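Participant: Below you will find the structure I want to go over with you.
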Amino acid sequence: QVQLVESGGGLVQAGGSLRLSCAASGTIFSINDMGWYRQAPGKQRELVALIRSGSITKYADSVKGRFPISRDNAQNTVYLQMNSLKPEDTAVYYCNAAVRPRTWNNFRDYWGQGTQVTVSS
């Protein structure tokens with residue numbers, strides 16, 4: 001059993017900052033990609049940022065230079081530092097990880113429960 005638990009969402013004024021955290025726990029053998037997605041009302045879920053096990057990163061154009069992603073492999077945790085927040089960043093943010101459980105020979109996708117980020121103008 002693998003779980004992803006997110007924290008750090010909330011309400012912030014435009015221009016402010018928030019830091020999201022996502023910790024993976026359970027019977028984990030290894031983790032490959034970890035990332036953050038978001039879904040605004042009436043819109044499809046979209047990739048925000050991704051970090052591979054070798055620390056290669058990928059960002060949506062809309063957040064490049066504002067939302068650095070990082071990870072702590074020893075703690076199985078991924079972070080998203082959100083700076084210069086804009087009202088259009090308002091969404092539910094979901095953590096995602098490609099995890100190989102100890103009981104499987106393949107990687108599987110796992111998702112967190114989502115955390116609300118609201119940016120007021």
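The values are calculated or read from the model by the stated rules, or taken from the named source; none is laboratory data. All values derive from a computational prediction rather than experimental measurement. A quick note on method: Cβ atoms are made from the backbone with ideal geometry, for glycine too, and the neighbour counts reach across all protein chains shown. Areas reflect the complete protein model, heavy atoms only, side chains present, ligands, DNA and RNA absent. Shrake-Rupley method; radii C 1.70, N 1.55, O 1.52, S 1.80 Å.
Participant: Express the carbon and sulfur contribution to the solvent-accessible surface of the chain as a percent, rounded to the nearest whole number, probe 1.4 angstrom.
Facilitator: Values: 2970 of 6540 Å².
Answer for the chain: carbon and sulfur cover 45 percent of the accessible area.
Participant: Once a ≥ b ≥ c are taken as the square roots of the eigenvalues of the Cα gyration tensor of the stretch 5-121, is the result rounded (a/c under 1.5), prolate (a/b larger than b/c) or oblate (a/b not larger than b/c)? Walk me through the intermediate numbers first.
Facilitator: Numbers: a/c = 2.09, a/b = 1.89, b/c = 1.10.
Because a/c hits 1.5 or more and a/b exceeds b/c, the stretch 5-121 counts as prolate.
Participant: Still on this structure, please answer the following. Could you rank the peptides 26-39, 61-74 by their average count of other C-beta atoms within 10 Å per residue, with the highest value first? Could you put the intermediate results ahead of the total?
Facilitator: On the way: 26-39: 18.0, 61-74: 14.3.
Most protected by this proxy first, the peptides run 26-39, 61-74.
Participant: Summing Lys, Arg as +1 and Asp, Glu as -1, what charge do residues with Cβ under 15 Å from the Cβ of residue 89 carry, residue 89 excluded? Walk me through the numbers on the way to the answer.
Facilitator: Working: positive: 19, 38, 43, 45, 64, 66, 86; negative: 46, 61, 88.
So the surrounding residues net to +4.
Participant: Then there is this: How far apart, in nanometres, would the label points at residue 62 and residue 17 be if each is projected 7 angstrom from Cα along the Cα-to-Cβ direction?
Facilitator: 2.2 nm
Participant: Hey, what's the chain come to in accessible area per residue, 1.4 Å probe, Å²? Mind dumping the intermediate values first?
Facilitator: Numbers: 6540 Å² over 121 residues.
The answer is 54 Å² per residue.
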